[in-house]
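Engineer: Structure in structure tokens, see below.
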Amino acid sequence: MSTTPPTTPNSQTSPTVNKNPKEFHVIIRTREKIVYEGDVKAITSHNDKGPFDVLAQHANFISLIKDSLTIHKTDGTKQDMKVDSGIIKVENNQMEIYLGIINLSTLTPETGIAQPVQPQTKPKN
């Protein structure tokens, strides 16, 4: 006999929910593809205030990121990625990172508006 766990009216179910309280699920995307997906212990990146870490059970959070991104994997290894620009979103112990979304060099304090990054086209041979 199979039983289904009870849900509350506002709960969202997802096959990627991590049950370990010291880990959380991350998806890192570019415009073209998912470049990383899996459970991690932490993510380290940089924003205008400097370097920061996100651990499991972090408060909901959104930030522009730049320079680099370090994935602290559950097996104890690290994976470093170069990041020109991106947006990081943490919600309900899950993280989504969107890379190459905006050109941070066009962001002005007066407007707070940045120009979108133009997709790179491959030269035709």
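The values are calculated or read from the model by the stated rules, or taken from the named source; none is laboratory data. All of these numbers come straight from a predicted model, not from anything done at the bench. Here the Cβ positions follow ideal geometry from the backbone for every residue, glycine too, while neighbour counts run over all protein chains shown. Side chains included, ligands, DNA and RNA excluded: accessible areas come from the protein's heavy atoms. Shrake-Rupley method; radii C 1.70, N 1.55, O 1.52, S 1.80 Å.
Engineer: Looking at the structure I just gave you, is A59 surrounded by fewer than 16 Cβ atoms within 10 Å (Cβ to Cβ) and of a type in the set (G, A, S)? Steps first, answer last, please.
Structural biologist: Working: surrounded by fewer than 16 Cβ atoms within 10 Å (Cβ to Cβ): yes; of a type in the set (G, A, S): yes.
Answer is yes for this residue.
Engineer: With open to solvent by 60 Å² or more (accessible area, probe 1.4 Å), within 11 Å of the chain's Cα centre (by Cα) and closer than 15 Å to Y98 by Cβ as the only criterion, which of L69, L64 stands out?
Structural biologist: Step by step, each of L69, L64 is checked, and only L64 is open to solvent by 60 Å² or more (accessible area, probe 1.4 Å), within 11 Å of the chain's Cα centre (by Cα) and closer than 15 Å to Y98 by Cβ.
Engineer: Hey, can you tell me all the residues within the range 57-105 that are within 27 Å of N20 (Cα to Cα) and outside any strand (DSSP E or B)?
Structural biologist: Scanning the range 57-105 gives Q57, H58, A59, N60, T74, D75, G76, T77, N92, N93.
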